[in-house]
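The values are calculated or read from the model by the stated rules, or taken from the named source; none is laboratory data. Everything quoted here is computed from the prediction, not taken from an experiment. Virtual Cβ from ideal backbone geometry, glycine too; neighbours counted across all protein chains shown.
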Amino acid sequence: MARIVEFRLSVKNTTMGNYEAWSTDRCYGLRIPSKVIERILELCRRASCVETGGILVGYYAKSHDCAIVTACSSAPKDSHCGRRYFQRGVHGLQHWLNTLWNRGRRRYYLGEWHYHPHGSSDLSSIDVAQMKRDAEDDSYCCPELLMLIVAGDACDQYSIGSSVYVKGQGLVMLSERWEASQREV
């Protein structure tokens, strides 16, 4: 199992490129365009000192080894959150997912994201248990559930950790890299 490599970036001074992460055996990958990362960071900034989160949607590459995230949700209004917890609600998500599915390019649920303010991008035991429960739940139709965790201070220094829970196999950590398209703002 690979360890999470944390990347710290001052968002006051730079604009990041696309996020990409892979398992050490290159069997599982994740790509997220900078516009989606920037949206997640904005949602984290708005949440300030409380946890927040939502879902990740997109599609799989033709090779089926990489999930490509095209959008993220904000926290549904029936979510519950505090300084050290986040329980994602469901209000409005099914309608949004149906809309994405019925468009010309099919997009679907890939996993979850959430924010650990002033914390670590490592998975908590609660995160791992939830990932396992969701990946093993056939109603999710997602046997390889992604989790993206933003940690730290979304206005200054933050890190991102990503992983995938594979049904019947368990947790696989992904090591990240950023495209070199970082530039001064």
Q. Applying the selection to segment 112-122, what residues are under 12 Å from the mean Cα position of the chain (by Cα) and either surrounded by fewer than 14 Cβ atoms within 10 Å (Cβ to Cβ) or farther than 21 Å from Gly89 by Cβ (or both)?
A. Ser121
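Residues Tyr109, Tyr140: which one is among the hydroxyl-bearing types (Ser, Thr, Tyr) and within 12 Å of the chain's Cα centre (by Cα)? Can you show your working first?
On the way: Tyr140 fails: within 12 Å of the chain's Cα centre (by Cα).
So the residue among Tyr109, Tyr140 that is among the hydroxyl-bearing types (Ser, Thr, Tyr) and within 12 Å of the chain's Cα centre (by Cα) is Tyr109.
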Q) If you check every pair at least six apart or on different chains, which have Cβ atoms under 6 Å apart with a residue in segment 130-152 that is in contact (Cβ under 8 Å) with a residue 60 or more places away in the chain and more than 14 Å from Val57 (Cα to Cα) first and a residue that is in a strand (DSSP E or B) and hydrophobic (A, V, I, L, M, F, W, C) second? A) Val150/Ile160
Q) Can you tell me how many residues in segment 155-175 are surrounded by 22 or more Cβ atoms within 10 Å (Cβ to Cβ) and under 27 Å from Ser48 (Cβ atoms)? A) 5
Q: Scan segment 84-105 and report the pairs whose first residue is over 30 Å from Ala151 (Cβ atoms) and hydroxyl-bearing (Ser, Thr, Tyr) and whose second residue is modelled with pLDDT of 95 or more and exposed (fewer than 15 other Cβ atoms within 10 Å of the Cβ), with Cβ atoms within less than 9 Å and a gap of 6+ or a chain change.
A: none
Q.
One residue is enough: does segment 88-96 have a residue meeting the conditions within 19 Å of Tyr158 (Cβ to Cβ) and of a type in the set (Val, Ile, Thr)?
A. no
